[in-house]
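Laboratory data are not the source of any read-out in this text; all were calculated from the coordinates shown. Bear in mind the structure is a predicted one, so any value in this text is a computation, not a measurement. Every residue, glycine as well, gets a Cβ built from its backbone with ideal geometry; the counts of neighbours run over all protein chains shown.
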Amino acid sequence: MTCSTPLLALAVTAEHFSVLLSGGATPQQALNVTAAKVRPSALRRALDAAGDDTTRGVTLGDALAQHPDVFPEPFVDAARAAHPAQDLAAVARTYRAADRARRTEQRTRAHVQRSVALFALGALTSGLGMLAALSRPRA
């Protein structure tokens with residue numbers, strides 16, 4: 001199943017986890033605090049459910065793995081690592097970079113589309129001007 005969570009949302013979530021875990025928060029506390037900062041969405045529901053799971057003794061990685069539509073494999077793997085705070089920080093950097101690349105690609109694509117449209121308009125205008133000049137009666 002593919003993850004539908006936006007890259008930037010995953011990056012921010014990973015950053016929150018990283019900071020909270022580095023500060024000594026338990027996984028359950030990190031999940032609850034992060035969920036409180038997220039707008040109602042599939043991400044928030046998954047964070048709440050994972051918080052409930054960790055309360056019952058499920059590990060952070062296993063709790064997140066139960067929501068593959070929200071958390072991609074690298075995110076879950078980082079949460080399962082020996083030092084999840086450091087690994088989640090690395091995941092956050094990767095997701096931020098991927099989000100920047102995606103946005104740059106979108107801007108570039110839009111710029112190319114505008115350029116092509118302007119070129120086509122210019123060619124059409126030139127063609128119409130040439131037709132008008134050629135269709136004038138000669139004296």
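Quick one: helix 27-37 against the long Cα principal axis of the chain, what's the angle to the nearest 10°, folded into 0 to 90?
Helix 27-37 sits roughly 40 degrees off the main axis of the chain.
Considering the options F119, F17, T55, tell which one lies farthest towards the positive end of the dipole of the chain, charges being +1 on Lys and Arg and -1 on Asp and Glu at the Cβ, about the Cα centre.
F119
Quick one: compute the contact order of the chain, relative version, from alpha carbon pairs under 8 angstrom and 6+ residues apart, as a percent. Don't jump to the answer; show the numbers that get you there.
Numbers: 127 pairs, mean separation 39.8, N = 139.
It comes to 29 percent, rounded to a whole number.
Cα atoms only: what Rg and Dmax, in Å, come out for segment 59-103?
11.0, 34
So what are the radius of gyration and Dmax for the Cα set of the chain, in Å?
Expressed in Å, the Cα Rg and Dmax of the chain come to 25.4, 96.
Among all stretches of the chain without exposed trypsin sites (Lys or Arg not before Pro) (DSSP loop, at most 10 other Cβ atoms within 10 Å), which one is longest?
Values: sites that count: R56, R138.
So the longest stretch without any such site is 57-137.
Using the Karplus curve 6.51 cos²θ - 1.76 cosθ + 1.60 with θ = phi - 60°, what ³J(HN,Hα) values do you get for each residue of segment 90-102, in whole Hz, with x for Gly and Pro?
5, 4, 4, 4, 5, 5, 4, 5, 5, 5, 4, 5, 5
Please report, in debye to the nearest 20, how large the charge dipole of the chain is about its Cα centre when each Lys and Arg carries +1 at its beta carbon and each Asp and Glu carries -1 there. Intermediate values should be presented prior to the final figure.
Working: 16 positive and 11 negative charges, 236 e Å.
Charge dipole, the chain, about its Cα centre: 1140 debye, nearest 20.
If a paramagnetic tag sat 7 Å from the Cα of R109 along the Cα-Cβ line, which residues of segment 64-80 would have the backbone N under 14 Å from that point?
Inside the label zone: nothing.
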